[in-house]
Amino acid sequence: MITKTYSFDTYMDGIGFVIRLAEKAEEVNHHPEIQVGWCTVSVSFTSHDRGVYYSLC
């Protein structure tokens, strides 16, 4: 699993990022785990294909 945490100036900036990320995830059919905190968003990607891990961030 590859995880990255992003920091934002406001909570709503983080939510906007999540919306854009979700739209892109739908396009590529690769859906991350997303954790929203106060001014942070953590994104984790895992692939079960052939044991290979992918990061789209």
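Here, each number is a calculation from the coordinates, and none is a lab measurement. Every value quoted in this text rests on a predicted model; they were computed, and no experiment measured them. Cβ: placed from backbone, ideal geometry, glycine included. Neighbour counts: every protein chain shown.
When a/c reaches 1.5 or more, the comparison of a/b and b/c decides; with that in mind, is segment 2-51 rounded, prolate or oblate per its Cα gyration tensor?
Oblate, because a/c is 1.5 or more while a/b does not exceed b/c.
Determine, for each peptide in 13-19, 40-46, 26-32, the mean count of other beta carbons within 10 angstrom over its residues, then list the peptides with the highest first.
Taking the mean over residues of other Cβ atoms within 10 Å, the ranking is 40-46, 13-19, 26-32.
Taking H as built 1.01 Å from N, whose amide H comes closer than 5 Å to the amide H of Cys39, not counting residues under 5 places away?
Tyr11
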